[in-house]
Amino acid sequence: MDRQKLIIDTDPGQDDAIAIMLALASPHIDLLGIIAAAGNVSVEQTAENACKILELAKRQDIKVYKGCPRPIRRPPITAQHVHGQTGMDGPDLPTPLHTPEQQHGVTFLLETLAAHPAHTITLVTIGPMTNLAAALVQAPETVARLKQVVAMGGAWSETGNITPAAEFNAFADPDAMAIALNSGLPVTLVPLDITHRFLITPDRLEALAKLPGHCAKAAHAMLTFSARFDLNKYGWPGAPLHDPCTIGYVLCPHLFAGKTINVEVEVSSPLTLGATVVDWWQVTGRPPNATFLRSVDDNGLWTLILESLSRLS
């Protein structure tokens, strides 16, 4: 497999941290940089969290860029009730020596796309899609050079996890998601329909605890912390693990299945703001604009994560 050029746009988040570790561990990914998004916590904190992950993994060669500090139009929200005050509570991680770059994350994205051959870079968004939307507004012809966008966001059969109708990343900046979905870019959505089928059960946590290395131990501490909220919320045998599903799809798309269809996002209704309207049966006649994933080989994905984390120190 050729190495895939990747940029990760993220708001760490314990599950974001595992996704970043998965990308760092893969010999098949060339991670060009990380853009911090405002989402689970402020952009200042998510940028620091990304730096902490890179320092933990001894990958200070990868640069972190702060993106947009707030959504396009709606008031900012956070998910500290799930992820803790730092957004990445659980392990005791030191203050990183690795600090974010001065260049804005949107500028980094546009300059990097312009400097590489067209259609060779995948953008993985695992937070609100504000930075991608800002880049599309500024320079749509440059963003069109992306190979694809793989985004954790939206839901259909699983409805919502932050409101009755909306998934968190879509709700945090629905206008940004609408811009991305109507941009003409090849977008793959990894929705709650996938992530609610990828549960970190006690057996899986136990297997993670047995891995060597600081990264695996930190991952175990993070998932143990974040699970307390979801286990109480859902009453399932394990907590869903959202964001690593995107990197899993990039590396092993055969573990997933879905369909290319039309997906729209609600941007105005106070009752259903951020809801994704998924035309699975193509009843509207609207043109397809996203590949919407609906099934996953969760055992295969967990094996990939364990094998990957075992390679990190």
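Please treat every number below as a calculation from the coordinates, not as lab data. Remember, it's a predicted structure, so these values are computed and weren't measured experimentally. Virtual Cβ from ideal backbone geometry, glycine too; neighbours counted across all protein chains shown.
Name, by its number, the condition in (1) surrounded by fewer than 18 Cβ atoms within 10 Å (Cβ to Cβ); (2) at positive phi; (3) not hydroxyl-bearing (S, T, Y) that does not hold for D61.
(2)
Inside the stretch 204-313, counting only helices (runs of 4 or more DSSP H) that do not spill past its ends, which hold 2 or more residues that are in contact with a strand residue (DSSP E or B) (Cβ under 9 Å, 6 or more places away or on another chain) and of a type in the set (V, I, T)? Break it down stepwise before answering.
Working: elements: 214-234, 244-251, 298-309.
Helices (runs of 4 or more DSSP H) meeting the threshold: 244-251.
Any residue in the stretch 65-92 that is over 14 Å from Q45 (Cβ atoms) sitting within a Cβ distance under 7 Å of a residue that is assigned to a loop (DSSP other than H, G, I, E, B)? List the pairs, counting only those 6 or more apart or interchain.
Pairs that qualify, where the first residue is over 14 Å from Q45 (Cβ atoms) and the partner is assigned to a loop (DSSP other than H, G, I, E, B), are Y65/P100; Y65/Q103; Y65/H104; C68/A38; P71/P128; P71/D173; I72/D173; R74/D173.
Within the group A176, A151, which residue is assigned to a strand (DSSP E or B) and touching a Ser or Thr at 6+ places or on another chain (Cβ under 6 Å)? Outline the logic, then answer.
Details: A176 fails: assigned to a strand (DSSP E or B).
Answer to the selection: A151.
Need the failing condition index for L6 against (1) outside any strand (DSSP E or B); (2) in contact (Cβ under 8 Å) with a residue 60 or more places away in the chain; (3) closer than 25 Å to L304 by Cβ; (4) not acidic (D, E), just the number.
(1)
Out of L97, L56, which single residue is crowded, with 18+ Cβ neighbours inside 10 Å and in contact (Cβ under 8 Å) with a residue 24 or more places away in the chain?
L56
Just checking, how many residues over the stretch 135-158 are touching a helix residue (DSSP H, G or I) at 6+ places or on another chain (Cβ under 6 Å) and surrounded by fewer than 21 Cβ atoms within 10 Å (Cβ to Cβ)?
To start, the set of residues in the stretch 135-158 that are touching a helix residue (DSSP H, G or I) at 6+ places or on another chain (Cβ under 6 Å) comprises 135-136, 139, 142-143, 145, 150, 152-158.
Keeping just the survivors that are surrounded by fewer than 21 Cβ atoms within 10 Å (Cβ to Cβ) gives 139, 142, 145, 156-158.
So the answer is 6.
Of all residues in the stretch 157-173, which are at negative phi and part of a loop (DSSP other than H, G, I, E, B)?
The initial filter retains those residues of the stretch 157-173 that are at negative phi, namely 157-158, 160-173.
If the condition is that a residue be at negative phi and part of a loop (DSSP other than H, G, I, E, B), then S157, E158, G160, N161, I162, T163, P164, A165, A166, E167, D173 are the ones that fit.
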